[in-house]
Ligand SMILES: N[C@@H](CCC(=O)N[C@@H](CS)C(=O)NCC(=O)O)C(=O)O
């Protein structure tokens with residue numbers, strides 16, 4: 001009898017959990033998906049609230065470890081299962097840039113784009129995400145010349161940043177600068193990304209979520 005994988009991803013394909021499938025495919029560790037119908041509010045069940053009182057997906061369990069927040073999940077998986085491959089080693093100076101760009105999407109890009117789209121008024125000097133224009137310029141600078149955040153070296157930071165750029169471009173929440181579009185296109189060529197899209201699509205078909 002085979003034992004089930006330790007890693008369980010609480011999942012719905014229309015949430016950020018879809019990009020964790022890509023993280024997992026890059027890492028290559030065995031995992032299972034546990035579907036929660038967000039449309040029916042199933043992600044607010046007692047089991048998930050106990051794991052993540054935010055009541056949000058994704059949540060990943062790995063044995064006793066419980067991790068919420070997409071970026072934290074990616075960093076955890078890379079350190080735990082792909083250290084030196086998808087995550088620079090602890091004593092590698094490249095780790096600074098790696099961590100910076102893994103955290104930048106949730107800490108800066110998302111709130112900046114949201115504030116911009118919603119026309120929020122705020123004090124640029126007090127808001128951690130600053131000015132929308134500066135955010136765009138910073139991401140553009142970080143991706144030039146590319147092809148990846150660490151130059152020739154692909155890491156989990158690219159999965160985290162690329163997932164955010166992809167969905168923000170898709171939902172027209174980010175200015176479609178050529179550097180961003182080229183980066184997302186390059187990421188789309190990665191076999192692990194393509195496998196993840198197939199896995200997410202299969203869940204959409206199986207659950208009749210196509211709309
Ligand atoms: N900061 C979190 C955001 C998680 C999040 O907002 N998840 C959304 C789907 S992408 C969700 O669960 N929404 C349903 C709800 O809030 O009820 C992360 O990066 O993982």
Residue that is nearest to the chain's Cα centre (by Cα), among those in region 50-61 that are buried (at least 16 other Cβ atoms within 10 Å of the Cβ) and within 12 Å of the ligand (Cβ to nearest atom): 58
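If you go through region 41-49 one residue at a time, do you hit one that is touching a residue at least 24 places away in the same chain (Cβ under 8 Å) and either on the phi > 0 side of the Ramachandran plot or exposed (fewer than 15 other Cβ atoms within 10 Å of the Cβ) (or both)?
Residues of region 41-49 touching a residue at least 24 places away in the same chain (Cβ under 8 Å): 43, 48.
Filter once more, keeping what is either on the phi > 0 side of the Ramachandran plot or exposed (fewer than 15 other Cβ atoms within 10 Å of the Cβ) (or both): none.
Looking for residues that are touching a residue at least 24 places away in the same chain (Cβ under 8 Å) and either on the phi > 0 side of the Ramachandran plot or exposed (fewer than 15 other Cβ atoms within 10 Å of the Cβ) (or both), one finds none in region 41-49, hence no.
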Number of positions in region 118-152 that are outside any loop (DSSP other than H, G, I, E, B) and surrounded by 15 or more Cβ atoms within 10 Å (Cβ to Cβ): 9
Residue within region 64-85 that is surrounded by 13 or more Cβ atoms within 10 Å (Cβ to Cβ) and closer than 20 Å to residue 175 by Cα present: no
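Here are 102, 106, 89: which of them is under 26 Å from residue 25 (Cα atoms), touching a helix residue (DSSP H, G or I) at 6+ places or on another chain (Cβ under 8 Å) and part of a loop (DSSP other than H, G, I, E, B)?
89
Does residue 176 satisfy the condition of being farther than 22 Å from residue 18 by Cβ and assigned to a loop (DSSP other than H, G, I, E, B)?
On the way: farther than 22 Å from residue 18 by Cβ: no; assigned to a loop (DSSP other than H, G, I, E, B): yes.
In short, no.
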Residue in region 13-31 that is within 14 Å of the ligand (Cβ to nearest atom) and more than 23 Å from residue 109 (Cβ to Cβ) present: no
Residue check for residue 113: more than 10 Å from the ligand (Cβ to nearest atom), assigned to a helix (DSSP H, G or I) and under 21 Å from residue 162 (Cβ atoms): yes
Matching option when the condition is over 27 Å from residue 206 (Cα atoms) and either in contact with a helix residue (DSSP H, G or I) (Cβ under 9 Å, 6 or more places away or on another chain) or outside any loop (DSSP other than H, G, I, E, B) (or both), among 24, 49, 75: 75
Restricting region 62-72 to residues that are under 18 Å from the mean Cα position of the chain (by Cα) and in a strand (DSSP E or B), the residue that is nearest to the ligand (Cβ to nearest atom): 68
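Values in this text are rule-based calculations from the coordinates and carry no lab data. The model shown is predicted, which means the values in this text are computed figures rather than measured ones. No Cβ is skipped: glycine too gets one built from the backbone with ideal geometry, and neighbour counts run over all protein chains shown.
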